[in-house]
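Here's the structure, in structure tokens; my notes come after.
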Amino acid sequence: MEIFATALPALGEAWALILQPVVLGYLVLGVVMGLAVGVFPGLGGIAGLSLLLPFMFGMDPVLGLALMIGMVAVVPTSDTFASVLMGIPGSSALQATVLDGFPLAKKGEAARALSAAFASSLFGGLVGATFLTMFILVARPIVLAFGLPEMLMITVLGLSMVAILAGRFPLKGLAAAGLGLMIGTIGEADAGGSLRMASYEIPYLTDGLKLVIVGLGIFAVPEIISLLRQDRSIAKGATLGSGWLEGVNDWFANIWLSVRCSLIGVVVGVIPGLGGSVVDWIAYGHTVQTTKDKSNFGKGEVRGVIGPESSNNAKEGGGLVPTLLFGIPGSGSMAIFIGAVALLGSGEIEVGPGMLKNNLDITYSIVWLLALANVVGTVLCIAASGGIAKLTTIRFTYLAPFLFMLISFAAFQSGQNFEDLLALFVIGLIGIFLRRFDWSRPAFLIGFVLSNPVEKFTNQAFQIASFRFRKGFDVGMEYVFSPIVVVLIVITVISVIFGIRQAKTIMAEGATESGSKRAPLVFLLVITAYLTIALINASMIPDYNMTDKIVPMVIGCFSLLCCVILLFQMMRRGEGDTIFADKEVAGEDADAPYGLWSTLAWFASIIVATWFVGFILALVGFLVAFFRVRARAGWGKTLLLSACGIGLMCLMAGMLNRDFPPGLLQEAVDLPWPLK
């Protein structure tokens, strides 16, 4: 009864917060933005949330959460457009939907596939929100009993799951996460103030890299570059046909399949790192196994759409369990979400046990914002289907410069330094090669996000454990190996074994052919060299600042060991082995009419020009040159599109009271806004 006495008032307060018109307005705005982002393959929840991060500073917590949850909830639904209409997985969690969704579209039944998918997504989202409500109700007393050893063990559980995100090669996932962790330690250490891979001669690095820049660089930049290189519309043709009601009837006829797959999505979503990469395949496998006539799968079987879509949205509710209860990201988008929550208001909200203890009303607001966003998102997806089908036929060349413009502006807002743009370019380059050689980018991002919690919990637990062991060995062991810690160790081992067995057929970065040894080997050697330098740098920290060096030393050694083992495996195996995965060998990247470096040069040009003449003047030159030269547009269309881009940028900056990156020209001459 005590549980209900605490929870029921918090639930009432949560509804009072949510049902304010301004909160609902921000929720709808987030849903619309998520719908716009989700339509483009690759620009999923991670890239979308990264774009929102700069605007979270100091925002009212409930309004900021409404905006973010609106986007997070609808992206898995709007991703379906790319999978069904284009045959391109909108994200890694929608690979199975393509198998039957795209054949249905080719048969003129796209409307049927989309309506079945949207109904399944809505149901799955509501199941996830309901589960999360009940789980928080039951788990709150247990979570509040967590101390530092328990939180450290939960963090280890989150890190151990990144092996799954690598699919066929767990070592790649571990090495990618280790690289993310090591890059996350760049700058001044919190405990003793030692500098790691930084120098006071380069002040920018002393504060470390911002999550906004890493999120955009690792996910948005590689996908934009890849689509731009292909120089075509996202879809060659997009007709919906008829059958909206038929699709809803299909879902209702298979409602028990939807229930089972939703529960699969919730359970798998709870496991950190496992959800997005594998949940659709588990649900699809279950769907095939429980269907009597299996002959239609892969040819346009509507059950093959209903199963994965139900689990895909339900996993968002499950993914919020480790995120809200322990502060451990259940997926790449949840990693961004954790960073964004810390920026809201005056920074007093922090996901984890403290949130359940001090902000239970806000915790439940998140849960029911998720449910509402699913409803709003489904309605908007159905209403916007016709227009979105037409949008996908626009050449991506006309969309890319606006995306470059937006991510550059968003990156600059994170720190208000020109170096933010340089960091975005460098991290974007890392993201491009991680994607190319089938190294898990979510694993890298989760490693980066968890670098600070790992160091904080390790140092604090080490100091308290040292004090307890001085009292007595049994006292120290009782503190370190509490019953909860032992249970978490068992869960970690079971989860890793189960996850790796499930992930053997999962490809970290989609279907990737294997090629020669040279390029993948060179990339591995570059990563190995960086880890070696970072390890040497950490070892030079004086021993009296042991708390500043212990985490980078341990993580560096482990990551380096993974790289060395991978190096030996590459040397022993022949060319064409799956370990030498390379997207430049075959597929859309390999067949693209434009090269990587010439395409990347366009992005670099806007950064270089900003250094000299400031962002707005650089943007004018970039847009005009890009539309005339790269898109081969006429002067009328070029000037119109360029004016729209500049107008949008000025409108955003004016409404949000933000500045643009200045250049050498602005230092020499006092120019009026927006040129200054």
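The values are calculated or read from the model by the stated rules, or taken from the named source; none is laboratory data. Everything numeric here is computed off the predicted structure, so don't read it as measured data. In this analysis, Cβ positions are derived from the backbone assuming ideal geometry, glycine residues included, and neighbour counts consider all displayed protein chains. Surface areas here come from the heavy atoms of the whole protein model, side chains and all, with no ligands, DNA or RNA. Shrake-Rupley method; radii C 1.70, N 1.55, O 1.52, S 1.80 Å.
When residues of the range 544-575 are filtered for being under 21 Å from Val454 (Cβ atoms) and loosely packed, with under 13 Cβ neighbours inside 10 Å, how many remain? Write out each step before concluding.
First pass over the range 544-575, keeping only residues under 21 Å from Val454 (Cβ atoms): 545-563.
Now narrow it down to the ones that are loosely packed, with under 13 Cβ neighbours inside 10 Å: none.
Final tally of qualifying residues: 0.
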Pairs, first more than 17 Å from Leu35 (Cα to Cα) and open to solvent by 20 Å² or more (accessible area, probe 1.4 Å) in the range 58-72, second modelled with pLDDT of 85 or more and of a type outside the set (D, E, K, R), C-beta under 7 Å, six or more apart: Leu63/Val22; Leu63/Val23; Leu63/Tyr26
Any chance Lys292 is basic (Lys, Arg), surrounded by fewer than 24 Cβ atoms within 10 Å (Cβ to Cβ) and free of Cβ contacts under 8 Å to residues at least 40 places away in the same chain: yes
Residue that is within 18 Å of the chain's Cα centre (by Cα) and at pLDDT 80 or above, where the choices are Ile186, Ile225: Ile225
Subset of the range 576-595 (residues that are open to solvent by less than 20 Å² (accessible area, probe 1.4 Å) and either assigned to a helix (DSSP H, G or I) or of a type in the set (Val, Ile, Thr) (or both)): Ile579, Phe580, Asp589
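Pick from Ala534, Ala604: which is closer than 23 Å to Glu188 by Cβ, part of a helix (DSSP H, G or I) and open to solvent by less than 40 Å² (accessible area, probe 1.4 Å)? It would help to see each step written out before you state the result.
Numbers: Ala604 fails: closer than 23 Å to Glu188 by Cβ.
Among Ala534, Ala604, only Ala534 is closer than 23 Å to Glu188 by Cβ, part of a helix (DSSP H, G or I) and open to solvent by less than 40 Å² (accessible area, probe 1.4 Å).
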For Gly663: the one exception among (1) open to solvent by less than 70 Å² (accessible area, probe 1.4 Å); (2) among the small types (Gly, Ala, Ser); (3) more than 18 Å from Ile607 (Cβ to Cβ): (3)
Residue count for the range 648-660, restricted to those that are open to solvent by less than 40 Å² (accessible area, probe 1.4 Å) and without any contact (Cβ under 8 Å) to a residue 60 or more places away in the chain: 1
Every residue from the range 554-576 that is among the aliphatic types (A, V, I, L, M) and modelled with pLDDT of 90 or more: Leu560, Leu561, Val564, Ile565, Leu566, Leu567
Meets criteria (modelled with pLDDT under 75, of a type outside the set (Val, Ile, Thr), within 23 Å of the chain's Cα centre (by Cα) and more than 29 Å from Phe622 (Cβ to Cβ)) for Ser331: yes
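Residue under question is Phe123, and the condition is that it be at pLDDT below 70, open to solvent by 10 Å² or more (accessible area, probe 1.4 Å) and not β-branched (Val, Ile, Thr); does it hold?
no
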Filter result (at pLDDT 75 or above and outside any helix (DSSP H, G or I)) within the range 263-292: Thr290, Thr291, Lys292
Condition met for Glu201 (open to solvent by 40 Å² or more (accessible area, probe 1.4 Å), acidic (Asp, Glu) and touching a strand residue (DSSP E or B) at 6+ places or on another chain (Cβ under 7 Å)): no
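Would you call Ala16 farther than 24 Å from Val221 by Cα, open to solvent by 10 Å² or more (accessible area, probe 1.4 Å), at pLDDT 75 or above and assigned to a helix (DSSP H, G or I)?
On the way: farther than 24 Å from Val221 by Cα: yes; open to solvent by 10 Å² or more (accessible area, probe 1.4 Å): yes; at pLDDT 75 or above: yes; assigned to a helix (DSSP H, G or I): yes.
Yes: the conditions hold for Ala16.
Only residues that are part of a helix (DSSP H, G or I) and of a type in the set (Ser, Thr, Tyr): list them for the range 298-338, please.
Step one: filter the range 298-338 for residues part of a helix (DSSP H, G or I), giving 303-326, 332-338.
Hits for the range 298-338 are Ser310, Ser311, Thr323, Ser333.
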Pair list, Cβ < 9 Å and 6+ apart or interchain, from the range 524-552 residues that are within 13 Å of Met197 (Cα to Cα) and among the hydroxyl-bearing types (Ser, Thr, Tyr) to residues that are part of a helix (DSSP H, G or I) and open to solvent by 30 Å² or more (accessible area, probe 1.4 Å): Thr532/Leu560; Ser539/Met553
Those residues of the range 456-500 which are modelled with pLDDT of 75 or more and of a type in the set (Phe, Trp, Tyr), in sequence order: Phe457, Phe462, Phe467, Phe469, Phe473, Phe481
Check on Ala618, surrounded by 18 or more Cβ atoms within 10 Å (Cβ to Cβ) and part of a loop (DSSP other than H, G, I, E, B): no
